[in-house]
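Visitor: Just passing along the structure, written as structure tokens.
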Amino acid sequence: MESNYSYETVRENYRRISDDIGETLSKYRSGGRVEIMAVTKTVPPEVVNWVFDFGIKLMGENRVQEYLSKKDLYAKDTGNGTPPDIHFIGHLQTNKVKYIIDEMTMIQSVDSIRLAQEINRLAIAHNKVMDVLCEVNIGGEDSKSGVSPDELIPLLKQLAPMEGLRVRGLMTIPPPSDSDVFLGRMEELFNEIKDRKIEGIAMEQLSMGMTHDYAEAVRHGSTIVRIGTGLFGARSSK
Ligand SMILES: *Cc1c(COP(=O)(O)O)cnc(C)c1O
């Protein structure tokens with residue numbers, strides 16, 4: 001396969017994004033921290049592995065099948081003997097949880113009680129506790145998964161007692177237009193829930209911001225930005 005990816009370009013892209021985030025933090029959130037996730041969909045594993053040279057330690061996977069076909073080729077060591085953290089960020093069907101329960105350090109896309117129950121069941125069976133984020137459809141778009149802000153607190157209360165999973169925060173994909181407005185709403189929602197101190201629920205991670213809106217997302221309190229095209233270039237249509 002012919003490759004259009006260049007190590008130098010990906011490195012420059014990473015530097016620019018990382019500098020932007022640093023500047024935004026020092027302007028608006030002095031002392032804050034943001035982790036850059038490399039979103040790997042359609043990117044060949046040998047190209048994904050470059051990002052570990054730059055200091056990225058977190059990967060985001062959208063599709064179970066694609067992940068399973070690439071996983072053996074991903075680097076097992078990001079530099080200090082530690083494997084990359086891999087988070088699942090795509091829509092997850094309940095019947096596919098079994099393929100990733102031992103592979104991911106977090107599932108960011110929990111949007112139903114049924115999905116949570118299956119994660120809980122399998123995590124307990126595998127003797128582990130899975131970190132999860134609840135996905136919020138902050139723009140109320142039909143095309144997107146995630147719970148509405150109104151459904152969020154009831155869902156969190158159902159998840160709180162589950163022993164096989166631990167809610168660590170929220171994730172969202174705002175509508176591409178007006179994303180600034182929706183990022184602001186997400187920040188409010190996150191802070192409101194944090195202030196409620198729901199027992200068994202941690203509000204530590206706010207995963208939002210992609211290539212087109214990561215700087216605004218950081219301004220609005222994001223702790224994880226998920227970057228695909230901004231790092232690797234435009235995805236081939238397939
Ligand atoms: C593809 C994807 C991203 C990255 O999008 P880019 O615009 O390529 O940076 C982030 N989050 C999710 C859930 C995605 O599916």
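The values are calculated or read from the model by the stated rules, or taken from the named source; none is laboratory data. All figures in this text were calculated on a predicted structure; none of them were measured in a lab. Glycine also receives a Cβ, built like all others from the backbone with ideal geometry; neighbour counts cover every protein chain displayed. We work out accessible area using only protein heavy atoms, side chains counted, and drop any ligands, DNA or RNA first. Shrake-Rupley method; radii C 1.70, N 1.55, O 1.52, S 1.80 Å.
Visitor: For segment 164-184, how many residues are open to solvent by less than 30 Å² (accessible area, probe 1.4 Å), within 22 Å of Val225 (Cα to Cα), without any contact (Cβ under 8 Å) to a residue 60 or more places away in the chain and not in a helix (DSSP H, G or I)?
Guide: 6
Visitor: Just for segment 92-101: of the residues that are under 19 Å from Val147 (Cβ atoms) and not in a helix (DSSP H, G or I), which one is least open to solvent (accessible area, probe 1.4 Å)?
Guide: Top of the filtered list is Leu92.
Visitor: Look at Pro161 and say whether it is touching a Phe, Trp or Tyr at 6+ places or on another chain (Cβ under 6 Å) and touching a residue at least 12 places away in the same chain (Cβ under 8 Å). Show your work before the answer.
Guide: Details: touching a Phe, Trp or Tyr at 6+ places or on another chain (Cβ under 6 Å): no; touching a residue at least 12 places away in the same chain (Cβ under 8 Å): yes.
Answer is no for this residue.
Visitor: Output yes when any residue across segment 142-156 is in contact with a His (Cβ under 6 Å, 6 or more places away or on another chain), open to solvent by less than 60 Å² (accessible area, probe 1.4 Å), in a loop (DSSP other than H, G, I, E, B) and of a type in the set (S, T, N, Q), and no when none is.
Guide: At the first step, the residues of segment 142-156 found to be in contact with a His (Cβ under 6 Å, 6 or more places away or on another chain) are 145.
Restricting the remaining residues to those that are open to solvent by less than 60 Å² (accessible area, probe 1.4 Å) gives 145.
Keeping just the survivors that are in a loop (DSSP other than H, G, I, E, B) gives 145.
Now restrict to residues that are of a type in the set (S, T, N, Q): 145.
The answer is yes, given that some residue of segment 142-156 is in contact with a His (Cβ under 6 Å, 6 or more places away or on another chain), open to solvent by less than 60 Å² (accessible area, probe 1.4 Å), in a loop (DSSP other than H, G, I, E, B) and of a type in the set (S, T, N, Q).
Visitor: Now, a different point. Kindly list, by first and then second residue, each pair from a residue in segment 203-231 that is within 17 Å of Val167 (Cβ to Cβ) and without any contact (Cβ under 8 Å) to a residue 60 or more places away in the chain to a residue that is within 13 Å of the ligand (Cβ to nearest atom) and in a helix (DSSP H, G or I), limited to pairs with Cβ atoms under 6 Å and residues at least 6 apart or on different chains.
Guide: Pairs found: Met208/Ala217.
Visitor: Within segment 164-174, can one find any residue that is touching a strand residue (DSSP E or B) at 6+ places or on another chain (Cβ under 8 Å), hydroxyl-bearing (Ser, Thr, Tyr) and within 13 Å of the ligand (Cβ to nearest atom)?
Guide: yes
Visitor: In this structure, does Ile119 turn out to be in a helix (DSSP H, G or I) and β-branched (Val, Ile, Thr)?
Guide: Yes: the conditions hold for Ile119.
Visitor: Return the residue satisfying two criteria in turn: it lies in segment 58-95 and is closer than 25 Å to Arg114 by Cα and more than 16 Å from the ligand (Cβ to nearest atom), and of such residues it is farthest from the chain's Cα centre (by Cα).
Guide: In this case the residue turns out to be Asn95.
Quick grid of which residues meet (1) out of contact with any helix residue (DSSP H, G or I) (no Cβ under 6 Å at 6 or more places or on another chain); (2) surrounded by fewer than 16 Cβ atoms within 10 Å (Cβ to Cβ):
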| site | (1), (2) |
| --- | --- |
| Glu103 | yes, yes |
| Met106 | yes, no |
| Glu118 | no, no |
| Ala123 | yes, no |
| Met130 | no, no |
| Leu133 | yes, no |
| Gly139 | no, no |
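Visitor: Which of the residues spanning segment 185-238 are among the basic types (Lys, Arg), within 16 Å of the ligand (Cβ to nearest atom) and surrounded by fewer than 19 Cβ atoms within 10 Å (Cβ to Cβ)?
Guide: Selection gives Arg235, Lys238.
Visitor: Moving on to the next point. Please work out which one of (1) within 14 Å of the ligand (Cβ to nearest atom); (2) in contact with a helix residue (DSSP H, G or I) (Cβ under 8 Å, 6 or more places away or on another chain); (3) under 13 Å from Tyr14 (Cβ atoms) is the condition Phe54 fails and give its number.
Guide: All conditions are met except number (1).
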